[in-house]
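Values quoted throughout were computed directly from the atomic coordinates according to the rules given, and no laboratory measurement underlies them. Keep in mind the model is a prediction, meaning the values are calculated, not measured. Reconstructed Cβ throughout: ideal geometry from the backbone, glycine too, with neighbour counts over all protein chains shown.
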Amino acid sequence: MLAYLKPKTLFGRMLAIILIPLILVQVITVVVFYGRHWDNITRYMAANLAADIAVVVDQVSASPSPAMLRQAEDFASSYFIFGTNWQAGGIIQPNSAQVTSTYAGRQLN
């Protein structure tokens, strides 16, 4: 049934015996390496973003004044290049549609 796929020449057999497993191992190695690499990058970037947010929040005391909030907003936009939106008594509600298939999504739940 699959006899037509078998190599007929010695060179074809050499390709099948040596090169196909070699290429297969390289492809598997690349997939595993990049999977781990992107998972590590995501983990470090999520931790760094959380640290950046913590630095900005730490600048605002328990009873923030409008001037202190503006100063923290300027600090966040100049050093971390992200904006802030301060609301009196505001609490961030968890998102029920959070993605849990990534490391960052699992850590946020």
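Is the shape of the stretch 37-86 best called rounded, prolate or oblate, per the rule: a/c under 1.5 gives rounded, else a/b larger than b/c gives prolate, else oblate, with a ≥ b ≥ c the square roots of the Cα gyration tensor eigenvalues?
prolate
Sum up the charges of everything whose Cβ sits under 14 Å from the Cβ of Ile81, counting Lys and Arg as +1 and Asp and Glu as -1, but leave Ile81 out.
Residues close to Ile81 contribute a combined charge of -3.
Can you tell me how the stretch 1-85 classifies by the Cα gyration tensor, rounded, prolate or oblate, using a/c under 1.5 as the rounded cut?
prolate
Give me the net charge for the shell around Val56: Cβ to Cβ below 15 angstrom, other residues only, Lys and Arg +1, Asp and Glu -1.
Counting the neighbours of Val56, the net charge comes to -3.
Could you sort 46-52, 6-12, 79-85 so that the peptide with the highest average Cβ count within 10 Å comes first and the rest follow in order?
Descending packing order for the listed peptides: 46-52, 79-85, 6-12.
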